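**Student:** What follows is a structure written as structure tokens; I'll ask about it next.
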């Protein structure tokens, strides 16, 4: 079933305008369908705060037909924010303490911008560690994205991310390496995933920590891995939630940084993102910039030339995650699992008490 507009968060209206189904709470209350309450820890910077909401809310809203999704957004007060973002958070987000008291069925943790290589020096490090520690003992499954994956693997398993020689940026082909796991059932065995990062956790590091690698790329490395129990921690290094234009917008930001003198080198194209026509448009734009002209970035021309090669698989994987949570989480969301679930093997959810 669809998302339930359990608040006046503008993201719900944006999704309605896209033609997506978002239930009014009054209508939802008359449906005899189970609710799933999903925490959404949004650590993204101000410019990406609402866009990241929409990306993940889309994937959740289209993922499953057997539950009503109540998204519960929150963030960390330690993250620096501008006035507009602070107003948005104060109006639409909830305090973590309230969510911890009421309980959650699942948790999504986004990435974040960082200022240096040492994650332990970031202002979010300690509060994030506390939240992820609480989730490990109280939430059925936590889905971590990109930098959140790097943080939790270091915090829980002592494996620190490693710098890449250059930004890993673009759309890369991936292979399912464990076809038996519930999270990748019914997905394509070969599929694309966008990446955008300067660091990585390697396969060897995931395996040293006892995590199981489910999806990886020869070019981009591991995308998807899970904790030893198979469910409580789901780690992504890629960005299957990205919209079709997300990498284009990132490229535009890098070009504008170059134009403003904040970046010494003109940015390379993200891998496998722009076709020949789009590249020709962008090369002409670069020539104009270098000639001293200041044309508008041709975003409106480029957007129709983009292709999305990851959405269907992303929808399936997120649907598998939601379905597995639905079948293992306790009806009382203050409890982590159903009574007959072994917390050390929660994905074997069909086992019954004897």
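**Student:** Quick one: helix 311-326 against the long Cα principal axis of the chain, what's the angle to the nearest 10°, folded into 0 to 90?
**Tutor:** 20
**Student:** Which of the peptides 179-192, 257-270 is most tightly packed, and how do the rest follow, going by the mean number of other Cβ atoms within 10 Å of each residue?
**Tutor:** Ranked by mean Cβ neighbours within 10 Å, highest first: 179-192, 257-270.
**Student:** Report, in degrees rounded to the nearest 10, the 0 to 90 angle that the Cα long axis of helix 147-157 makes with the longest principal axis of the chain.
**Tutor:** Helix 147-157 sits roughly 50 degrees off the main axis of the chain.
**Student:** Can you give me the C-alpha center-to-center distance between region 234-268 and region 139-211, rounded to a whole angstrom?
**Tutor:** For region 234-268 versus region 139-211, the Cα centre distance is 20 Å.
**Student:** Arrange the following residues from fewest to most other Cβ atoms within 10 Å of their Cβ: 58, 311.
**Tutor:** Fewest-to-most ranking of 58, 311: 311, 58.
**Student:** Pick from 88, 70, 239: which residue has the top mean-square fluctuation in a GNM of the chain where Cα pairs under 10 Å get a spring?
**Tutor:** Result: 88 has the largest fluctuation of those listed.
**Student:** Angle, helix 246-259 long axis vs. longest principal axis of the chain, Cα atoms, 0 to 90°, nearest 10?
**Tutor:** It works out to around 40 degrees.
**Student:** Something else: Ranking request for peptides 248-254, 75-81, 284-290: highest mean number of other beta-carbon atoms within 10 Å first, then the rest in descending order.
**Tutor:** For the peptides 248-254, 75-81, 284-290, the packing ranking is 248-254, 75-81, 284-290.
**Student:** Compute for the chain: radius of gyration divided by Kirkwood radius, i.e. Rg/Rh, restricted to C-alpha atoms, rounded to two decimals.
**Tutor:** Radius of gyration relative to Kirkwood radius: 0.96.
**Student:** Another question, if that's okay. Go ahead and estimate [θ] at 222 nm for the chain from helices alone: -39,500 (n - 2.57) per DSSP H run with n ≥ 4, summed, over the residue count, rounded to 500.
**Tutor:** -10000 deg cm²/dmol
**Student:** Pull up the DSSP beta bridges for the chain and report the antiparallel fraction as a percent, rounded to 5.
**Tutor:** In the chain, DSSP labels about 45 percent of beta bridges as antiparallel.
**Student:** Put a dot 7 Å past each Cα toward the Cβ at residue 175 and residue 8; how far apart are the dots in nm?
**Tutor:** For the pair residue 8/residue 175, the computed spacing is 5.3 nm.
**Student:** Any chance you could list P(r) for region 246-305, counting all Cα-Cα pairs in 10 angstrom bins from zero, rounded to whole %?
**Tutor:** Histogramming region 246-305 at 10 Å steps yields 21, 62, 17 percent.
**Student:** Could you rank the peptides 217-224, 301-308 by their average count of other C-beta atoms within 10 Å per residue, with the highest value first?
**Tutor:** 217-224, 301-308
**Student:** For the pair residue 290 and residue 335, what calculated FRET efficiency results from E = 1/(1 + (r/R0)^6), where r is the Cβ-Cβ distance and R0 = 56 Å, to the nearest 0.05?
**Tutor:** With R0 = 56 Å, the Cβ-Cβ based efficiency is 0.35.
Laboratory data are not the source of any read-out in this text; all were calculated from the coordinates shown. Remember, predicted model here, so these are calculated numbers, not experimental data. Heads up, the Cβs are rebuilt from the backbone with ideal geometry, glycines too, and the neighbour counts pull from every protein chain shown.
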